[in-house]
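**Student:** The structure's right below; bear with me while I get my questions together.
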Amino acid sequence: MGSQQPGSLGHTDSRAGSISAGISPDPPSHCSTMKLLTGLLVCSLVLGVSSDGWLTFIPEAAQGTWDMLRAYRDMREANYIGADKYFHARGNYDATQRGPGGAWAAKVIR
């Protein structure tokens, strides 16, 4: 079939005429994790949309995310031990006041 030269890393396959270095063709494990997370995000978006539709849900989600980020920045700026529960609660409250999109963002970010 194929011949291998001394000091070579792989072997020559006479059928395909290619050299393989023993590298697995499987995708990296982070690809399957990324697909899972993307699928979960899409499913939660689809299930989270109310009768108002996508036109109000997406801006509410973006504003709710901004509320959560603002509370996190305020918490970092305060730099006070034990105050994290207050800032998390404030961010969740502000986000959920935006509507279903904000409530979804607060639930996902937590």
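All of the numbers you see were taken from the coordinates with simple rules; none came from a lab. It should be emphasised that the depicted structure is a prediction, and the values quoted were computed from it without experimental measurement. Quick reminder, even Gly has a Cβ in these numbers, built from the backbone with ideal geometry, and neighbours come from all protein chains shown.
**Student:** Based only on other Cβ atoms within 10 Å, what is the fewest-to-most ordering of T33, T56, T96?
**Tutor:** Values: T33 10, T56 15, T96 19.
The fewest-first ordering by Cβ neighbours comes to T33, T56, T96.
**Student:** Placing +1 on the Cβ of each Lys and Arg and -1 on the Cβ of each Asp and Glu in the range 51-110, which of A62, G91, A78 has its Cα farthest towards the positive end of the resulting dipole?
**Tutor:** A78
**Student:** Additional query: Among R76, R98, which comes first, then next, by fewest other beta-carbon atoms within 10 Å? Before the final figure, lay out the partial values.
**Tutor:** Numbers: R76 10, R98 22.
Neighbour counts put them in this order, fewest first: R76, R98.
**Student:** Next question, about the same structure. What are the ³J(HN,Hα) values, in whole Hz, obtained from phi via the Karplus relation 6.51 cos²θ - 1.76 cosθ + 1.60 with θ = phi - 60°, for each residue of the range 95-107 in sequence order, with x given for Gly and Pro?
**Tutor:** Values per residue, Gly and Pro as x: 5, 5, 5, 6, x, x, x, x, 5, 5, 4, 5, 5 Hz.
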